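Nothing in this text is a laboratory measurement; each read-out follows from the coordinates by a stated rule. All values derive from a computational prediction rather than experimental measurement. Cβ atoms come from the backbone with ideal geometry, glycine included; neighbour counts cover every protein chain shown.
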Ligand code: SF4
């Protein structure tokens with residue numbers, strides 16, 4: 001079965017809030033003012049979350065609205 005993963009290079013976040021606005025089930029702004037991918041685990045210097053195919057579209061939208069392109073949806 002195909003697996004999907006969201007990758008968030010959080011260090012590059014400019015706190016614009018676009019991802020949280022378009023995909024609030026997965027993204028929120030934290031107390032530091034940066035976005036957080038809910039439930040993601042830290043891997044090296046980024047965060048990762050495994051998602052289902054049904055959850056791909058909303059995260060793809062978040063990736064598309066991110067002005068600094070630090071959100072990626074990958075197929076594994
Ligand atoms: S859209 Fe990108 S820059 Fe804006 S808050 Fe989300 S991750 Fe950060």
task: Please arrange 19, 66 by counting, for each residue, the other beta carbons lying within 10 Å of its beta carbon, fewest first.
output: 66, 19
query: Per-residue ellipticity at 222 nm for the chain, helices alone: DSSP H runs ≥ 4 residues times -39500 (n - 2.57), over residue total, nearest 500 deg cm²/dmol?
result: -5000 deg cm²/dmol
message: Sorting check: for 58-64, 21-27, which peptide has the highest mean count of neighbouring beta carbons within 10 Å, and how do the rest follow?
response: 58-64, 21-27
message: Using Cβ counts within 10 Å as a stand-in for footprinting exposure, how do 71, 14 rank, fewest first?
response: 14, 71
- request: In whole angstrom, note down how far apart the Cα centers of the range 1-40 and the range 46-66 are.
  value: 9 Å
Acute angle (nearest 10 degrees) that the helix 56-65 long axis makes with the longest principal axis of the chain, alpha-carbon atoms: 30 degrees
The chain: proportion of alpha-carbon pairs further apart than 22 angstrom, %: 12 percent
